[in-house]
Every structure is written in C-alpha cells, then in structure tokens.
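> This is the structure I have questions about; it appears just below.
Coordinate-derived values only; no laboratory data. Everything numeric in this text was worked out from a predicted model, so none of it was measured. All Cβ positions, even for glycine, are placed from backbone atoms using ideal geometry, and neighbour counts span all protein chains on display.
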Amino acid sequence: MSTPVKVALVGNPNTGKTSVFNSLTGLNQKVGNYPGITVERKAGSCTLPNGAKAQIVDLPGTYSLNTTSMDESVVVEVLMNRNDADFPDVAVVVTDVENLKRNLLLFTQIKDLGIPSILVINMSDRMSRKGISLELEKLESRLSTRIALVSTRKHIGIDRIKELIANYQDLPDNALLDIERIEPEYFGRLLKLFPDENPYKLWLVITQDINFGTVEKARLKSDVLFKTKSEAELKRMQHRETVLRYQLINNALKGAYEIDPTAAKSFTSRLDRVFTHRIFGYLIFFLILLLIFQAIFDWSQYPMDWIDERFAAASDWVKNALPPGIFTDLLAEGILAGIGGIVIFIPQIAFLFLFISLLEETGYMSRVVFLMDRLMRPFGLSGKSIVPLISGTACAIPAVMATRNIENWKERLITILVTPFTTCSARLPVYLIIISLVIPKGTIMGISYQALTLLLLYILGFAAAIFSAMLLNRILKIRGRSFFVIEMPGYRVPLMKNVFYTVVEKTRSFVYGAGKIILAISIVLWFLGSNGFSEEFRRAEEIVNKRIDTEGYSAYSESYIEAKLTEFRNGTPVSPTTQPNAINLKAQQDSVQAKTAELRESARKQEIASFRLEHSIIGQMGKAIEPLVKPLGYDWKIGIAILTSFAAREVFVGTLATIYSVGSDQEETIKNRMSYEINPTTNKSLFNLASGISLLLFYAFAMQCMSTLAVVKKETNSWRWPMLQLGFMTVFAYLVALLAYQFIY
Amino acid sequence: MKLAQVFTVLLSLLKFILNNLSLTVADLKPGQKGVIADFTDSKLPVKLLELGCLPGNKVELLRIAPLNDPIYINVNGSHIAIRRTVAEQIVLRPVEDPSRL
C-alpha cells in the first residue's frame with residue numbers, strides 16, 4: 001500500500017477535534033493556507049497499525065454543510081470535489097459526548113455525500129459525571145458506521161481511530177437521509193435530470209454559494225425547472241431538511257444514548273453567574289485585559305532585550321569575521337537587521353496568542369463575546385470583534401485573520417478596517433524613543449508623564465478604532481441580515497498541549513507572513529541607503545573633509561563634542577591629593593586634549609557617513625518630500641524614516657539608527673544622538689515637544705504596514721478596501737500631526 | 001368581493017394580534033422554560049435550526065447579558081447565545097399560567 005490513506009477530520013467547534021488531530025499527528029503537522037484565501041490548512045500524517053501511512057487534513061470546524069462563513073465553505077468545497085487534493089478516502093467525524101445530538105447533524109450530512117465515515121465520540125471521560133450511557137453497537141448499526149469512543153484528555157481511544165482508518169474500506173457508504181422526503185416532486189425531477197449524481201450533493205450545489213469541480217451550478221440554475229424555486233422556498237426546504245435530520249437522529253439515539261437529567265451542568269452555571277455578572281463580569285474581563293497587557297509589554301521586554309543583543313552581536317561578528325565589502329554589509333546591515341526586526345516581536349506575539357488560546361480553550365472567550373456584544377453594536381461591530389481588537393495590540397495581521405468567524409459581512413468589514421488603529425507592538429519602539437526624547441521626566445500622582453503619555457496613546461488608538469467604526473457604520477450601505485449565534489461551551493481546564501501547538505502555529509504564520517515582506521523591505525532600504533548616483537555621494541569623503549577644514553564641524557557635531565567633553569570632565573575628578581580616581585591637573589588636561597582629538601575624529605567620520613546618506617538614493621527621496629514634512633516639524637532625516645516605515649513601522653527606529661550612525665563604530669545610543677540634532681531653521685533642538693507629539697500622533701494614525709494591507713486585501717478579496725484604508729488613515733494622520741505641531745509650537 | 005376583502009383584512013388583523021400576544025423566547029425570564037411552537041418568520045437562519053431550535057424542542061433561558069442583550073439559552077441541549085431580535089422570532093407554545101413556567 002504505497003499511497004497514503006487520505007483522511008479528513010471534521011466536526012463541530014468545541015468538540016476537541018484539534019486535540020484529536022494533535023494526538024493523531026503529534027508534531028508531524030504542517031500549517032499553510034488554502035490557495036487564494038487566508039483560511040489555514042492544517043495537515044499532518046501518522047502511521048497506521050498495518051504499517052500504511054495516513055495523511056490527515058484538519059478541516060475547519062463547522063456545525064453543518066450549510067455554511068455561513070468562509071471557514072466553513074472550505075469544508076464543503078473539499079468534500080464535494082473529487083478532484084480536490086484533499087478529497088478524502090475516509091472522513092473522521094469528531095463529536096462531543098455531551099452534545100452528541102447536535103453534533104450528529106453534520107455526521108448525517110457527510111454520510112449523505114457518500115463518503116465513508118468513522119464516528120469519534122470524544123470527551124468520554126465526562127460520561128460518568130454527566131450520567132451519560134451509550135450503547136455503541138446499536139448506534140453503529142443505526143448510523144451505518146464504526147465508532148471510536150475517545151478521551152483525548154486521558155489518551156484513550158486514539159489507537160482505535162487508527163485501526164478504523166486502516167480498515168476504512170469496510171465502512172458502509174450508504175446515505176442516511178432519503179433526500180427526496182424534503183419535497184418528493186422537486187427531487188423527483190432533479191434526479192431525472194441527473195440520474196448519476198448523488199442527490200444530496202445536487203442539493204448542496206443548489207443551496208450553497210461556492211465553487212465546485214464536477215457539478216456546475218450554472219448548469220443547474222439555468223435549467224427552467226429550477227428557476228421556479230425562490231430564495232424563500234429554498235429556505236423553507238432547508239428548514240424541512242433539518243427537521244427530518246433531527247427526526248432521524250432522535251430515532252437513532254433512542255435507547256442507545258441516555259442522559260441522566262439530574263446530573264445537571266452545575267459547575268458551568270455557577271461560574272457563569274460570576275463571569276456574566278453585570279458588574280463583576282466586566283471587572284473580571286478588565287483585569288484579565290490588564291494582565292494580558294502587562295505580559296505583552298512588561299514581561300516580554302526581557303526576551304526582547306536578549307534578542308536585540310544577540311542580533312547586534314551577530315552583526316558585529318559578521319562585520320569582523322568576514323572581509324569588508326558589499327556582501328558583508330548586506331549580510332550584517334540588511335539581512336540580519338531585517339531578520340532581527342521580525343524576530344524581536346516573537347515574544348509579544350507569542351504571549352498574546354498564549355492568552356487568547358487559553359481563554360478560548362477554557363470556554364471563557366464566548367462569555368466575553370456575550371458581555372461585549374451589546375456594547376459593540378452601536379459602533380457597527382459585533383461581540384465577536386473583541387478578539388481581533390485585542391489581538392491588534394500585538395499585531396494587526398493575525399487580528400484581521402481572526403475576523404473570519406464574524407457572520408455578518410458588514411460587521412466583519414468594519415472590524416477589519418478599524419483594527420489597524422489599535423496600537424500594535426510595532427508602534428512601541430517609535431513611541432518609546434520619541435517619548436523619552438521629548439516628554440519631560442516627572443510624575444503626577446505617582447505616575448510618570450512618560451508612562452501617562454504611552455497610556456494616552458493606547459487609549460487614543462482604541463478611541464480612533466471605535467469612532468471610525470461608528471462612522472463607517474453610517475456611511476457603508478451594506479445590507480445583510482445580522483444574525484449572531486455563539487455557542488457557550490462548558491468551562492473546562494485547558495489542554496496545554498493544544499495551547500502550545502496553537503501558539504507555535506500562529507507565531508510561525510506571523511513570522512512567515514509579515515517576515516517575508518519586512519525582510520525584503522530591509523534589504524531594499526539598505527541598498528537605497530548605501531548607494532547613490534550623485535557626484536556628492538561618490539566624493540563624499542573628499543567634500544566633507546574639505547568642508548570641515550574650511551568651515552569647521554557642523555552645529556550637530558559641535559554640540560555632540562561639547563556634551564561628550566563635559567561628561568568626560570565631570571567623570572574624572574581632579575585633585576592634588578590622594579582621592580582614589582583622582583589624577584593631577586596636567587594629566588587631566590592632556591587627557592582632555594586626547595579625548596577631544598578622539599571625538600573630533602569620530603565626528604568627522606560621522607559627518608562623512610551622514611553626508612553620504614544625505615546624497616544616497618533614499619536621502620534624495622527624503623529631501624524631495626522635505627517640504628511636505630516641514631510644517632509638521634520634521635526634517636529630511638525624519639522624512640526618510642517615515643517613508644521607510646510605510647513598509648513596516650518598526651523600521652523607523654532602524655532607519656534612524658542607520659541615519660545617525662552608518663559606518664560608525666561608536667556604541668552611542670540612537671536616542672542620545674538624536675537629542676543633539678538641531679533644526680536648521682529654528683537653531684533649536686529638532687526633537688522638541690511640538691515635533692515629538694506631532695510625530696507620535698502621526699504614528700498613532702498612519703497606516704504603515706504593507707503586510708497588514710496585504711492581509712486585508714486577501715480577507716476582503718479586493719484592493720478597494722486596503723487602498724481606502726491607506727488613503728484615509730494617512731491623510732488623517734498627516735492632518736492631525738500638522739495641527740498638533742502648529743498648535744503647540 | 002367586498003366581503004372577501006373584509007374577511008382578509010380581519011384575518012391579518014387577527015394574525016397581528018395573535019403574533020403580539022404570543023409568547024416568544026424573548027419573553028422568558030431567567031430560569032423559565034418553554035417549548036418551541038413555530039417561527040414568526042421563515043427567514044430565520046438555517047443555522048439556528050441546525051443548532052437545535054426546532055418546533056417541539058424545549059428551550060430554557062439561562063442568563064441575560066448585563067445590557068439585556070444577547071440572551072443565553074439552552075435549546076435541546078445546545079447552549080448558545082442569540083440576540084433579542086432573533087429570539088423574538090421564536091414562538092413558544094402558549095401556557096395557561098406563565099408564572100408557573
């Protein structure tokens with residue numbers, strides 16, 4: 001048996017399907033995308049007891065083949081198209097023993113498609129507590145299947161699943177529901193036209209709005225017989241189909257599935273009394289949010305700093321170990337810087353997904369949606385928008401992807417469009433450096449002004465998101481029935497294995513998704529910054545040396561040298577007596593002279609590097625837009641940094657690092673260097689309160705992330721929305737920054 | 001002709017009155033139960049039925065969200081939350097004494 005058995009894993013959400021998948025495949029799983037859309041495709045493999053291999057695809061969870069979202073449509077597309085790469089030889093339908101009745105609806109539908117199916121009844125460890133008893137043989141015969149009673153928590157039953165998969169060819173493939181019972185006349189005609197097709201499949205083609213391989217919807221629709229069914233009539237027939245299916249299920253379960261009604265769902269309802277309490281519910285949620293933010297911003301600092309150091313060290317090592325030249329530069333400053341820029345966000349992303357995954361695994365997330373729905377609706381959002389909005393504080397990319405479970409298209413679109421306003425982690429490096437440069441130290445009521453500013457920026461981000469949502473809600477004329485349904489699963493202890501896998505998967509997708517773009521941009525930037533076509537660029541060293549000899553050092557250099565010397569003088573006390581660090585006056589004067597010479601040399605190198613940058617390609621671009629950014633209080637250097645950060649916000653700091661220290665060996669912090677910068681027109685410090693606030697506001701509102709735009713395009717299936725987002729947010733950011741600078745200055 | 005028209009009008013009036021008098025899921029108080037009779041509007045999403053909201057099934061209201069919407073119900077064993085606008089479309093079998101639900 002050389003070709004592996006193709007298995008499709010399907011089931012309702014919250015049945016532990018993921019755990020089954022993880023138990024079957026272990027670490028042999030791969031996450032990718034379905035072509036053309038951003039739904040994740042999870043596939044893995046395992047070895048069966050008879051030695052053969054099985055390829056398992058974990059399809060998105062769905063309640064039925066009558067789909068209401070993109071995720072769910074994928075399931076139908078795979079199962080209907082024999083030519084699909086993932087079309088299964090056998091389907092493993094995962095159900096939860098407590099919700100068996102409802103879970104079986106999907107099972108009957110899959111059986112009706114003629115796909116051999118194995119029924120997995122999961123969470124068997126809860127049977128005794130809930131007073132549930134099963135008669136498996138009766139069920140197997142009534143449902144024409146083989147059953148594996150499983151508990152992923154106790155690791156029971158997984159081998160039975162593998163056994164059943166190995167013997168999949170013994171599974172009966174008959175349909176369960178006689179489709180014609182929905183409306184005999186209609187289906188009679190249908191079957192006369194297509195005698196060779198599976199009737200349920202035909203029915204799905206008529207009612208579902210998706211792409212199919214074999215049976216063409218257009219062909220069916222154009223046939224005059226079927227034009228007679230209106231939307232309403234089709235709906236009524238679907239209702240009838242559901243009623244018939246449940247009758248079938250009830251008959252199958254009679255006498256084979258018993259629940260003791262006295263074993264009530266007390267634990268969950270007791271917890272719900274607290275978690276959905278009108279006051280405590282919100283309080284608890286707020287505290288949990290605080291905890292999440294604490295983790296994302298505080299605790300992740302340690303790994304982030306470590307990563308920063310490692311990459312800086314690696315860059316230095318490369319520069320020293322390899323011969324000087326373009327390739328070395330590219331590697332050290334382009335590629336390593338680029339990769340470093342991505343890797344450094346991993347701790348924050350990982351923490352965020354850790355918390356979200358924990359909240360979902362315990363079942364608490366549904367309660368959050370329950371609490372927030374009424375609050376979000378006046379803004380055109382849904383309770384389900386809360387997860388994307390929270391995720392947006394780490395990164396908008398996974399946040400936009402998380403909107404997939406919002407059924408109403410208008411609510412979903414608005415959520416996608418406003419999520420980038422929330423302060424993502426890439427904005428933090430920009431905020432932190434500007435705040436520490438321009439916001440005065442000092443506290444008010446125990447909180448420092450700097451921390452307060454940061455908090456205000458966060459609140460601003462959320463406020464902008466909410467108000468744009470309100471605006472969009474008025475403006476967008478999209479009709480659609482808003483129907484909102486969310487399952488409230490029982491509270492359960494999270495399975496850490498699942499949480500772990502989720503965190504790894506999502507982080508990996510962030511790194512590859514955003515990573516590719518950021519890396520490419522970093523390399524391009526490096527190139528643009530180290531090459532130039534102008535005469536000035538080529539003869540930079542010569543020109544600058546001449547300038548220094550005739551005109552002296554630049555104002556920036558002078559202030560830098562002065563400050564450094566003062567620091568130096570204050571650091572070495574002079575005394576004729578026996579103080580430990582003291583040196584005598586003459587020696588000090590000599591060392592000051594030596595220090596000055598050293599500083600002058602370093603300043604010279606710095607000016608040459610700066611001059612080169614100014615006349616490089618990107619420098620010229622920055623100069624070109626300078627008139628645009630001057631009214632905001634910036635100069636061409638910041639202009640360059642803003643341009644480059646349209647690719648990815650965090651590139652701002654890296655670009656400034658390049659601008660202020662290309663070629664320099666000093667380990668001066670960027671912040672210090674920036675503080676010496678003088679604004680040529682005012683002759684005062686460039687980074688002052690007005691320009692600083694203007695810059696902060698610009699970054700708060702501008703849409704500066706190519707990766708997010710790419711994801712928005714994929715999720716909304718058109719360029720219109722991302723372009724609109726880009727246009728609106730940038731213009732808005734510009735105006736606000738302009739007003740801020742002119743007003744404060 | 002005229003009589004038929006009057007009859008039709010009276011019938012729709014009757015329907016209107018009955019609709020507004022009928023008990024829906026939205027009228028339940030926490031802890032109260034009912035049995036689903038019908039839907040006011042056949043445009044109810046199929047998903048709701050698939051989750052167990054079928055005529056003949058029992059429904060119990062578990063909790064109402066702090067701002068009165070959505071509501072958390074147990075229908076046929078499925079624990080789900082739905083918005084009031086949808087709940088108002090699920091009609092329950094009339095009961096003589098609603099306070100004894």
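> State the percent of C-alpha pairs, over all pairs in the range A:350-415, separated by a distance greater than 15 angstrom.
Pairs farther apart than 15 Å: 50 percent.
> With each pseudo-label sitting 7 Å past Cα toward Cβ, what's the A:Arg273-A:Asp196 distance in nm, one decimal?
6.4
> Still on this structure, please answer the following. Explain nothing, just the number: dipole magnitude of the range A:57-106 about its Cα centre with +1 on each Lys and Arg Cβ and -1 on each Asp and Glu Cβ, in debye rounded to the nearest 20.
On the way: 3 positive and 9 negative charges, 50 e Å.
With Lys and Arg at +1 and Asp and Glu at -1, about 240 debye.
> Please give the Cα centre distance for the range A:605-642 versus the range A:169-184, rounded to the nearest Å.
Value for the Cα centre distance between the two parts: 71 Å.
> Beyond 42 Å, what share of the Cα-Cα pairs of chain A is found? Please give it as a whole percent. Don't skip to the end; give the middle numbers.
Details: 117302 of 277140 pairs.
The calculated P(r) of chain A puts 42 percent of pairs beyond 42 Å.
> For the range A:34-167, what's the relative contact order in percent, using C-alpha pairs closer than 8 Å and at least 6 residues apart?
20
> Please identify the DSSP H helices in chain A that span no less than 20 Å along the helix axis (Cα) and have a mean Kyte-Doolittle hydropathy of 0.5 or more.
A:346-362, A:449-475, A:496-530, A:720-744
> Assigning unit charges at the beta carbon (Lys, Arg +1; Asp, Glu -1) and nothing else, what dipole magnitude in debye, to the nearest 20, does the range A:365-416 show about its Cα centre? Present the calculation step by step, with values, prior to reporting the outcome.
On the way: 7 positive and 3 negative charges, 14 e Å.
Around 60 debye, computed over the range A:365-416.
> Please name which of A:Trp409, A:Val544, A:Asn50 has its Cα lying farthest along the dipole of chain A towards the positive end, using unit charges on Cβ (Lys, Arg +1; Asp, Glu -1) and the Cα centre as origin.
About the Cα centre, the residue reaching furthest to the positive side is A:Trp409.
> Given +1 on the Cβ of Lys and Arg, -1 on the Cβ of Asp and Glu, and no further charges, what dipole in debye does the protein assembly as shown carry about its Cα centre, rounded to the nearest 20?
Computed charge dipole of the protein assembly as shown: roughly 2100 debye.
> Okay, next question. Measure nothing but the geometry: give the 0 to 90° angle between the long axis through the Cα atoms of B:2-21 and the longest principal axis through the Cα atoms of chain B, rounded to 10°.
20
> Could you give the length gained on full extension between A:Arg126 and A:Arg181, defined as 0.36 nm per residue of separation minus the Cα-Cα distance, in nm?
Additional length available on full extension: 16.1 nm.
> Report the residues of the range A:347-370 in range of a label on A:Phe293: point 7 Å along Cα→C-beta, backbone N strictly under 18 Å from it.
Backbone N within reach: A:348-349, A:351-353, A:355-356.
> So what are the radius of gyration and Dmax for the Cα set of the range A:449-522, in Å?
When restricted to the Cα atoms of the range A:449-522, Rg and Dmax are 19.8, 47 Å.
> How high is the relative contact order of the range A:250-384, in percent, with contacts defined as C-alpha pairs under 8 Å that are six or more residues apart?
On the way: 71 pairs, mean separation 31.6, N = 135.
Averaging sequence separation for qualifying contacts and normalising by length gives 23 percent for the range A:250-384.
> Hey, another quick one. Using the alpha-carbon centroid of each, what span in Å lies between the range A:59-104 and the range A:674-745?
45
> Measure out, as a whole number of angstrom, how far apart the alpha-carbon centroids of the range A:289-345 and the range A:419-434 sit.
Taking the Cα centre of each part, the range A:289-345 and the range A:419-434 sit 18 Å apart.
> Here's another thing I want to ask about it. Of the options A:Val711, A:Ala8, A:Leu375, report the single residue whose Cα projects farthest towards the positive end of the charge dipole of chain A (beta-carbon charges: Lys, Arg +1; Asp, Glu -1).
Selected residue: A:Leu375.
> If I model a spin label as a point 7 Å beyond the Cα along the Cα-Cβ vector, how far apart are those points for A:Leu27 and B:Ala4 in nm?
According to this spin-label approximation, the distance is 7.9 nm.
> Further, regarding this structure: Among A:Ala394, A:Ile459, A:Leu643, flag the residue with its Cα farthest along the positive direction of the charge dipole of chain A, charges on Cβ as +1 for Lys/Arg and -1 for Asp/Glu.
The Cα lying farthest towards the positive end belongs to A:Ile459.
> Mind giving me the FRET efficiency for A:Phe500 and A:Lys630? R0 is 45 Å, r the Cβ-Cβ distance, nearest 0.05 is fine.
0.30
> For chain A, give the share of DSSP beta bridges that are antiparallel, in percent and rounded to the nearest 5; count only bridges with both residues there.
Given both bridge residues lie in chain A, the antiparallel proportion sits at roughly 50 percent.
> Say each of A:Phe568 and A:Leu476 gets a label point 7 Å from the Cα, pointing the same way as Cα to Cβ; how far apart are those two points in nm?
Rounded to a tenth, the inter-label distance reads 6.1 nm.
> Counting only C-alpha contacts under 8 Å and six or more residues apart, can you give the relative contact order of chain A as a whole percent?
Values: 1054 pairs, mean separation 76.0, N = 745.
Taking the mean separation of contacting Cα pairs over the length of chain A, I get 10 percent.
> Based solely on its DSSP helices, what 222 nm [θ] is calculated for chain A when runs of n ≥ 4 H residues each add -39,500 (n - 2.57) and the sum is averaged over all residues, nearest 500 deg cm²/dmol?
One gets -18500 deg cm²/dmol as the mean residue ellipticity at 222 nm.
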